[in-house]
Amino acid sequence: MAITTLYAVKVMADLFTRTATADPTTATVGVLGDILINADSTDANYGKTWELTSITGTAPSLSYNWTLLTADDARINLKIPRAEVDYLAIRGIPFEMSDDTVPVTVYPDSAEDVAAEMVCYLLNYGQYQGRGEKSESLSDRSVTHDDKIHGYPRSIVGTIDRYQRVM
């Protein structure tokens, strides 16, 4: 299981306008351009998004036509494993395993959000575009950046508990 999810990344990146606990149907009311995200973590389509692309019919028998958006999904799912590897590299030790009969990785409470922010940074989404820049001058162009840890701004990954191995 990955540290973060498609849903968490889309929440951090603000890639939707509405949430629902199921996939939209032709009866799911909305405004053209609405982007709905499935927020039910038990659903197979958890984290998927749909855009309301047309409304047909006449009142009171309107039909709302939602189109599945997949362009961001592929990019996000490609970067989640990289963010997980980078998270582990920054952390310096593997995560703990539960003591159950079927071992499960136990992540710190903040791990999902930090890994989601790492993915947003890698993909340059919204508020993460240019993240880590402290200042910028126009005359003779000058930019200063936050300190980075494994290529990520400290403001994103600074909360990861870091360990060093003793050899």
- Please work out which residue is nearest to D161 (Cα to Cα), limiting yourself to segment 83-106 and to residues that are aliphatic (A, V, I, L, M) and surrounded by 14 or more Cβ atoms within 10 Å (Cβ to Cβ). I90
- Item | Positions within segment 86-109 being out of contact with any strand residue (DSSP E or B) (no Cβ under 9 Å at 6 or more places or on another chain) and under 15 Å from R154 (Cα atoms), in sequence order | Y87, A89, R91
- Query: What do you reckon, is L32 surrounded by fewer than 16 Cβ atoms within 10 Å (Cβ to Cβ), over 21 Å from D109 (Cβ atoms) and of a type outside the set (D, E, K, R)?
  - Reply: yes
- Query: What is the residue count in segment 28-67 for residues that are under 15 Å from F16 (Cα atoms), of a type in the set (V, I, T) and out of contact with any helix residue (DSSP H, G or I) (no Cβ under 7 Å at 6 or more places or on another chain)?
  - Reply: 4
- Message: So A13 passes all but one of these: (1) buried (at least 19 other Cβ atoms within 10 Å of the Cβ); (2) at pLDDT 95 or above. Which condition number does it fail?
- Response: (2)
- Query: Residues A89, A83, A59: which one is touching a residue at least 12 places away in the same chain (Cβ under 8 Å) and more than 15 Å from L123 (Cβ to Cβ)?
  - Reply: A89
- Task: Among the numbered conditions (1) modelled with pLDDT under 90; (2) assigned to a strand (DSSP E or B), tell me where T101 comes up short.
- Result: (2)
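So is L32 in a loop (DSSP other than H, G, I, E, B), in contact (Cβ under 8 Å) with a residue 60 or more places away in the chain and not small (G, A, S) or not?
no
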- In segment 54-73, which residues are within 22 Å of L6 (Cα to Cα), modelled with pLDDT of 95 or more and loosely packed, with under 15 Cβ neighbours inside 10 Å? T67, L68
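The values are calculated or read from the model by the stated rules, or taken from the named source; none is laboratory data. Nothing here was measured: the structure is a model prediction, and the numbers come from that model. Neighbour counts run over all protein chains shown; Cβ positions are idealised from the backbone, glycine included.
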